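Report on the following structure.
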Amino acid sequence: MTSLGARSRFVVTAGVGFFADGYLNLTIGPVVPILGYLYFQDGKVPTVDSDIMKSGLSLGTVVGQLLFGVLSDVWGRHTIYGKELLLTIFGTLMVVLLPWNRMSAQSVTAWISIFRVITGVGIGADYPLSSSLSAEKSPFGSRAIQMLTVFSNIGLGNIAASIVFLILLKAFEGSIADNMSHLEWVWRLLLGTLPYKQYVCDDTTGQKRTFKKQWEDFCEYFSHWKHAKLLFATAASWFLFDIAYYGINLNQSIILARIGYAHGATPWKTLYNTAVGNIIIQAAGYLPGFYVGIFLPDRIGRVRQQFWTSIMVSILYAIWAGISTQSAHTPTAGLMVIFALSQFLLTVGPNCTTFLIPAEVFPTRVRGTAHGISAASGKCGAIITAFAFGSVEDAIGLEGVLGLFSGIMLLTALVTLLIPETIITLLRALKKMSFIEQAKLLPSFHTLTLRQGTGSYMW
């Protein structure tokens, strides 16, 4: 029996990779405007360059999710877990070490984008690895609570990035007022203060698999339509959700400016207001959503949680689009409230469940690969929105983008209906079945403990 201390250490250390994801994904938002002041004409990064830099991490993440998802099923989770750390450290270090002088604007864009791709490969590996390990370890509470507690470190990484940014701006306030070039220290230290630890376990399974065997298992399992349909549903719902999710989160500085919060008389004041606005949105909506979302799956079900919150976000985005028009004259405070509320619902619902469901509905032998495919599909959505948000927002305005996201979240809810409930429906059905029928019902679940009266069955 694993001790409580060991389980707690696993939850903390396994979540550090997601902390890195949250931290590094959010930091590019405030870093891009700083780079504009330092390296680009008119003090602003062109839309195309901004989109390329923002999407680099997601591009690498897709590669990491697919590659390490397969490797985790072939070689075992414990064998490769922690190796991705080297890629994350190298990529982050190289971004921070961007040459100080004689770099053209195009060279800055290329340098940062290339090494954020490498960083993304390391971060992407954590999705299939940490999810599979969390699902297969002795649970801390329940499986859902353990997995989502690990995943919630993304939220901590996000708010940590905003706090560090605010601290650095205050620390360099005087020197920036004297010389704008001192913003160099702000963005380099912001990206260079990422706390990242390694969690490594020895492979004790003694089982050796080959890529050929893994491919045969994958093809055999997903040759059945009901399994292929489920993989499509988990991948498509994550893809659609991430279009809206990253469209908002990668562009918080733009959204805060559009709703009237991030304006300032000087570049420093603009960046400072942006940092404060980010913290308000994260503290009021984003971070609480993680901790509420942890406890909902076991109470209302995974599919219900994803479906109804997606519907509510769709409605909120439609309202937000309506009150964002110039004719509406909505005060900034009102727009901030709806911004925070939509972030809360996004996080409490599909942000939690798109990560949780693929780790529960697929069997151990293809779990890493299937979760990697689902997660990579999500990042493809993030890449699309990273490349397209600026251009689309320039063309149709923030209200038009929000209307588009409203429709996308409605599609997310509809695709969710293709996914069967993973635990609650199963438990209800088990009570009406014989032992033999129960055994036939559970081939896709690695472990499930069912307690009825004094009896206990381990699946």
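The values are calculated or read from the model by the stated rules, or taken from the named source; none is laboratory data. Just so you know, these numbers come straight off a predicted model, no measurement behind them. No Cβ is skipped: glycine too gets one built from the backbone with ideal geometry, and neighbour counts run over all protein chains shown. Protein only, heavy atoms only, side chains kept; ligands, DNA and RNA dropped before computing areas. Shrake-Rupley method; radii C 1.70, N 1.55, O 1.52, S 1.80 Å.
Given R0 = 22 Å, the distance between the Cβ atoms of Ile319 and Phe295 translates into a calculated FRET efficiency of 0.20.
Determine the alpha carbon to alpha carbon distance for each of Lys83/Lys379; Lys44/Lys379; Lys44/Lys269 and list only those over 23 Å. Please report the intermediate quantities before stating the final value.
Details: Lys83/Lys379 21 Å; Lys44/Lys379 27 Å; Lys44/Lys269 16 Å.
Over 23 Å apart, Cα to Cα: Lys44/Lys379.
Using R₀ = 41 Å, calculate the FRET efficiency as 1/(1 + (r/R₀)^6) where r is the Cβ-Cβ separation of Phe211 and Ile114; round to 0.05. Intermediate results must be reported in sequence, preceding the final value.
On the way: r = 28 Å, r/R0 = 0.69.
E between Phe211 and Ile114, to the nearest 0.05, is 0.90.
Apolar share of the accessible surface for region 12-133: 72 percent from carbon plus sulfur atoms, 1.4 Å probe. Could you point to the residue in Thr149, Ala177, Met94 farthest towards the positive end of region 82-186's charge dipole, with +1 and -1 charges on the Cβ of Lys/Arg and Asp/Glu respectively? Checked the options; the winner is Thr149. When only the Cβ of Lys, Arg, Asp and Glu is charged (+1, +1, -1, -1), the dipole of region 17-170 relative to its Cα centre reaches about 220 debye.
Extension gain, Ser327 to Gln41: 0.36 nm times the residue separation minus the Cα-Cα distance gives 99.6 nm.
Taken as Cα centroids, region 208-247 and region 351-393 sit 10 Å apart, rounded to the nearest whole angstrom. Each peptide among 362-368, 69-75 gets the average number of other Cβ atoms lying within 10 Å of its residues, and from highest to lowest they stand as 69-75, 362-368.
Protection proxy ranking, highest mean first, for peptides 154-160, 121-127: 121-127, 154-160, where packing is the per-residue count of other beta-carbon atoms within 10 Å, averaged.
Just order 273-281, 179-187 by mean Cβ neighbour count inside 10 Å, highest at the front, would you? Intermediate values should be presented prior to the final figure.
Working: 273-281: 21.4, 179-187: 17.6.
Highest-to-lowest ranking by the protection proxy: 273-281, 179-187.
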